[in-house]
Amino acid sequence: MILQELNDIPSAAIPVVELGRQLSMGTGFADEGSQNEFLEALLRAAIAQIEARTGKALIARGFAMELTDWRDPGCQTLPIAPVSAVTALITRDRQGNATQHDPSSVVLVADAMRPQLQARTGALPPIPWQGVGRIEFIAGFGPGWNDVPADLAQAVLMQAAHLYEHRGMADATAAQGLAPGVGALIARWRVVRLIGERP
C-alpha cells in the first residue's frame, strides 16, 4: 500500500505565531518575524511526526492510496482519519490504462479511527491482474489550525519547541524522538493494530 499527499498544508494554517509565543520570542522588534520560515519548517516536521504516530491528518488536504488488492471485495479501510469525502476511485491495468469509477458507487463509512470505503451494492471495482486500485480522498479535521483538537494541537507545539531546542545538534537522536509529555497527549488518538491485520 502506498499513501501520498496530493496537497501541501497551506502556510496560513501553520501556527507560527502560536509557536513563537510558546518559545517566548519577543515582539515589536525590527527583526520580528525573521525566524518565521524556520519556525514553519519545524512545525511542518512536528505535524508530520504527530500524524505518523496517530494515523490522523490534522489539517484537511487531499490524499491518494494505491494498492494491488482490496482488503475485502466489498470494503477497504483507509489508512488515515478523519476522512470527509472520497473524490476519485480508479483502477489501472498492468499497462497503466486507467478506468475512472463513479465515487457515488461507494459509501464512506466515517470513523474517528478506521474509516472505510464500502461498495453500495456487490463489490468494489475489481483490480486488474498486476494492476492497482487508487482511492483519492480528503482527510483532516478541518482547513484551519482551530479545527485541530486541542490535545493534538498542543502536542504539535510541544514537539516543534523540542525540535527548536535541539536544532543544530550533531546527534539528532534526541530530536527524532517525542518531546516529554507528547506521548500522553496523543495516546487516545493512536490506532492499535492487531497482529497480522492488513491495512
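Rank by packing, highest mean first: peptides 51-63, 118-130, 144-156, with packing defined as the count of other Cβ atoms within 10 Å averaged across residues.
Details: 51-63: 19.5, 118-130: 13.0, 144-156: 17.9.
Result, highest mean Cβ count within 10 Å first: 51-63, 144-156, 118-130.
Over the chain, calculate the relative contact order: mean separation of alpha carbon pairs under 8 Å at least 6 apart, over the residue count, as a percent. Show your work: numbers first, answer last.
Details: 346 pairs, mean separation 53.7, N = 199.
Once divided by the residue count of the chain, the mean separation gives 27 percent.
Based on Cβ point charges of +1 for Lys and Arg and -1 for Asp and Glu, what charge dipole magnitude is obtained for the range 61-139 about its Cα centre, in debye rounded to the nearest 20?
On the way: 7 positive and 7 negative charges, 15 e Å.
So the dipole magnitude of the range 61-139 works out to roughly 80 debye.
Give the label of the value calculated from the structure for Rg and Dmax of the Cα atoms in Å, choosing from [x] 19.6, 65; [y] 17.3, 53; [z] 17.1, 61.
[x]
To test your reading of the geometry: what angle, between 0 and 90 degrees and rounded to tens, separates the Cα axis of helix 150-165 from the longest principal axis of the chain?
Taking the Cα atoms of the chain, the angle to 150-165 is about 60 degrees.
Order the peptides 36-45, 94-103 from the highest to the lowest mean number of other Cβ atoms within 10 Å of their residues. Mind dumping the intermediate values first?
Details: 36-45: 17.0, 94-103: 11.3.
Peptide ranking by packing, descending: 36-45, 94-103.
If you plug each phi of the range 98-109 into the Karplus form 6.51 cos²θ - 1.76 cosθ + 1.60 with θ = phi - 60°, what whole-Hz ³J(HN,Hα) values come out, in order, with x for Gly and Pro?
Along the range 98-109, the couplings run 9, 10, 8, 10, 5, x, 6, 7, 10, 10, 8, 9 Hz.
Of 191, 178, 6, which is farthest along the charge dipole of the chain in the positive direction, counting Lys and Arg as +1 and Asp and Glu as -1 at C-beta?
191
Each reported figure results from applying straightforward, stated rules to the coordinates on display, with no laboratory input. Computed from a predicted structure; not experimentally measured. In this analysis, Cβ positions are derived from the backbone assuming ideal geometry, glycine residues included, and neighbour counts consider all displayed protein chains.
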